[in-house]
Amino acid sequence: MVSRVIPVEAFDLVIFGGTGDLARRKILPGLFRRFKDGQIPDEARIIGAARSDMTSEDYRAQVFDALNEFLPISKRDQKALDAFLARIDYVGIDATGTHGWSDLARLMRPGLVQAFYFSVAPALFGDLAKRLHKHKIAGPEARIVVEKPFGHDLTSARDLNATLARHFDEQQIYRIDHYLGKETVQNLMAVRFGNLLFEPLWRNQYIDHVQITVAETVGVGGRGAYYDKSGAMRDMVQNHLMQLLCLIAMEPPARFDPDAVRDEKLKVIRALEPVEPGEVVRGQYKAGAETLSYRDDAENPASRTESFIAMKLHVANWRWNGTPFYLRTGKRMKSRVSEIVVRFKEPPHSIFEEDTGQSANELTIRLQPNEGMDLTVTIKEPGPGGMRLIDVPLDMTFAEALGEEAADVPDAYERLIMDVIRGNQTLFMRGDEVEAAWAWTDPVIAAWEAREEKPMGYEPGSTGPEEALILMHKDGRRWREIGS
Ligand code: NAD
């Protein structure tokens with residue numbers, strides 16, 4: 001049932017930061033899987049570029065190790081591995097100097113798709129963009145891929161956009177939010193806009209509220225010092241959760257094309273109302289039996305940075321007036337879950353006397369684990385005993401619907417990199433979207449900083465601070481249990 005693979009055009013893909021963690025864990029294994037599936041043509045080449053000096057042979061050995069570490073055994077087909085490694089070259093390069101640039105220029109082949117993945121610290125984006133032009137390496141059709149974080153606030157995001165714009169057009173810039181590459185996220189658009197069933201109901205008249213949860217079990221240990229300057233609002237809400245909210249709340253675009261979709265998402269961000277202080281709950285995880293507290297992980301005993309946030313948002317437009325969006329995300333929580341719940345209203349009048357169980361439909365869109373969707377519907381409980389109602393799920397778990405082939409649904413990075421090669425920006429953030437998201441985020445953060453507000457402690461392995469539950473309880477609603 002999985003659709004056939006259509007090869008992309010031949011390309012030269014340069015991975016700046018090709019020896020880094022992201023390249024080893026995601027980019028290179030993702031490229032290998034696309035290669036093994038026949039999506040990457042034989043003429044394609046991948047060029048690792050990073051600070052260390054080594055030969056292409058040494059780099060291939062590093063890539064081989066990374067693939068062995070990060071690919072499931074079933075995917076490590078030796079013949080395919082050898083053929084993939086043969087497509088790989090390496091240049092030692094200094095993003096801030098002159099070293100290596102003429103070597104890279106020599107390696108690039110004219111007439112092919114050119115893509116440059118900036119898998120390095122954002123502080124180097126400007127240096128790379130400048131040198132790609134100065135050394136005449138990037139042609140007018142070249143694409144650059146940039147990773148999060150895209151700025152720290154509105155000012156830095158504007159600066160970054162302006163820096164990139166000096167050397168590349170917006171049509172050449174691919175800002176990655178890997179959440180947008182998830183199969184389910186795209187399926188959300190298919191469900192909304194490919195079926196008559198949902199769209200007429202997709203509004204305040206019929207939807208009670210929407211919940212978006214991204215919970216992680218890991219803490220910030222290892223990158224605590226970095227995270228402490230960011231926090232859950234900047235690290236997760238401003239980008240990933242905001243993107244999910246946009247896809248749920250946006251108007252139907254006229255066409256499924258990059259600017260039509262992104263125009264509609266931008267309108268949602270611009271329609272977000274400022275958040276009231278009483279509608280935000282911030283938390284920090286405490287120490288557990290075997291785990292450190294957030295402050296110890298961050299090595300900052302006085303830290304006021306949140307490792308958890310829950311908030312209630314209002315999209316101020318005709319479609320959503322009166323239907324709140326509840327967002328929550330945190331570290332060291334009960335289980336690892338990313339999901340969106342669209343809770344419909346109860347039918348206006350019940351004709352049944354023995355109305356047992358809940359009678360509001362719920363559409364759950366799971367990004368992880370087990371990507372899929374389910375919709376609860378109320379039916380008659382089978383058997384004798386009169387008319388009793390129960391809620392049952394109409395389940396669309398990909399693994400079940402598609403069988404073994406579901407395991408081969410490309411992961412987010414694979415899909416997004418292939419979209420870069422195809423020149424399709426639909427699943428990438430546009431510069432004005434990112435700026436609008438920061439313009440909404442900045443005052444919320446400034447308000448709690450001005451109040452010198454301390455996050456509330458929460459137990460590791462929990463669902464966050466009690467106050468997050470109260471945020472919904474006081475509206476007569478409740479969060480879907482994490483991991484249910
Ligand atoms: P890393 O520190 O593991 O790797 C950094 C890479 O940059 C190395 O290959 C290094 O050689 C290269 N580099 C550093 N300075 C250089 C210079 N002056 N010239 C040339 N190359 C230089 O970083 P990472 O974790 O791979 O992250 C890369 C980017 O991706 C960052 O922007 C990060 O925020 C982002 N990101 C990473 C992850 C992840 O899971 N690692 C997830 C999301 C976003």
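Loop-resident trypsin sites (Lys or Arg not before Pro) (DSSP state other than H, G, I, E or B) in region 1-107 with no more than 15 further Cβ atoms inside 10 Å of their Cβ: 4, 76. Packing here is the average count of other Cβ atoms within 10 Å per residue, and on that basis the peptides 213-219, 381-387, highest first, run 213-219, 381-387. Sites listed here are GluC sites (Glu not before Pro) in region 292-353 whose DSSP assignment is loop and whose Cβ has at most 12 other Cβ atoms within 10 Å: 299, 353. Stretched out straight at 0.36 nm per residue, the stretch from residue 276 to residue 259 would grow longer than its current Cα-Cα span by 3.0 nm. The accessible area of residue 421, taken with all protein chains in place and a 1.4 Å probe, comes to roughly 10 Å². Label point of residue 199 set 7 angstrom out along Cα-Cβ; within region 310-347, amide nitrogens under 18 Å from it belong to 318-320. Compared with the alpha-carbon gap, the fully stretched path from residue 82 to residue 103 is longer by 5.1 nm at 0.36 nm per residue.
Computed over region 154-282, the Cα gyration tensor eigenvalues convert (square root of 5λ each) into semi-axes of 27, 22, 15 Å, ordered from largest to smallest. Distant-in-sequence amide contacts of residue 284, defined by a placed amide H-H separation under 5 Å and a gap of 5 or more residues or a different chain, comprise 307, 456, 457, 458. Taking a ≥ b ≥ c as the square roots of the Cα gyration tensor eigenvalues, region 50-191 comes out oblate, since a/c reaches at least 1.5 and a/b does not exceed b/c.
In region 360-399, what percent of the accessible surface is made up of carbon and sulfur (1.4 Å probe, ligands and nucleic acids excluded)?
The value for region 360-399 is 65 percent carbon and sulfur by accessible area.
Each residue of region 27-33 was assigned a 3J(HN,Hα) from its phi angle through the Karplus curve 6.51 cos²θ - 1.76 cosθ + 1.60 (θ = phi - 60°); the sequence is 5, 5, x, x, 5, 4, 4 Hz, with glycine and proline shown as x. Where Rh is the Kirkwood radius over the Cα pairs of region 226-307, the temperature 25 °C and the viscosity 0.890 mPa s, what D in µm²/s does Stokes-Einstein return? It diffuses with D of about 161 µm²/s by this estimate. The magnitude of the dipole of region 404-463, with charges of +1 and -1 set on the Cβ of Lys/Arg and Asp/Glu and taken from the Cα centre, is near 220 debye. Convex hull volume per residue, computed on the Cα atoms of the chain, equals 170 Å³. Placing unit charges on the Cβ atoms of the charged side chains and taking the dipole of the chain about its Cα centre, the candidate lying farthest along the positive direction among 48, 455, 211 is 48.
Each residue, residue 186 and residue 304, gets one label point 7 Å from its Cα in the Cβ direction; the gap between the two is 4.4 nm. Considering only 325, 350, 311, and ranking their Cα positions along the charge dipole of region 305-363 that arises from unit charges at the beta-carbon of Lys, Arg, Asp and Glu, the one farthest toward the positive end is 311. If both residues of a DSSP beta bridge must be in the chain, then about 55% of such bridges are antiparallel.
Roughly how big is the chain's charge dipole about its Cα centre, with Cβ charges of +1 (Lys, Arg) and -1 (Asp, Glu), in debye to the nearest 20?
On the way: 61 positive and 73 negative charges, 148 e Å.
The dipole of the chain has a size of about 720 debye.
Using the Cβ-Cβ distance between residue 65 and residue 387 with R0 = 56 Å, the FRET efficiency computed as 1/(1 + (r/R0)^6) comes to roughly 0.35.
How high is the relative contact order of region 54-159? Use alpha-carbon pairs under 8 Å, at least six apart in sequence, and give a whole percent.
Details: 82 pairs, mean separation 24.5, N = 106.
Relative contact order here is 23 percent.
Based on the Kirkwood radius over alpha-carbon pairs, what value in µm²/s does the Stokes-Einstein equation return for the translational diffusion coefficient of region 1-52 at 20 °C and 1.002 mPa s?
Values: Rh = 11.9 Å.
Stokes-Einstein gives a translational diffusion coefficient of 179 µm²/s.
If a spin label sat at a point 7 angstrom from the Cα of residue 449 along the line to its beta carbon, the backbone N atoms of region 218-232 nearer than 16 Å would be those of 227-232. A simple charge model with +1 on the Cβ of Lys and Arg, -1 on the Cβ of Asp and Glu and nothing else charged puts the dipole of region 112-263 at about 520 debye relative to its Cα centre.
Figure the gain on full extension for residue 377 and residue 422 (residue separation times 0.36 nm, minus the Cα-Cα span) and round it to one decimal in nm.
On the way: separation 45, 0.36 × 45 = 16.20 nm, distance 3.96 nm.
Here the segment from residue 377 to residue 422 would lengthen by 12.2 nm.
Of the cross-linked pairs 345/474; 312/474; 286/454; 229/312; 148/182; 130/229, those separated by over 20 Å at the C-alpha level are 229/312; 130/229.
The values are calculated or read from the model by the stated rules, or taken from the named source; none is laboratory data. Source: prediction; values computed, not measured. All Cβ positions, glycine included, derive from the backbone under ideal geometry; neighbour counts span all protein chains shown. Note: areas computed on protein heavy atoms with side chains; ligands, DNA, RNA excluded. Shrake-Rupley method; radii C 1.70, N 1.55, O 1.52, S 1.80 Å.
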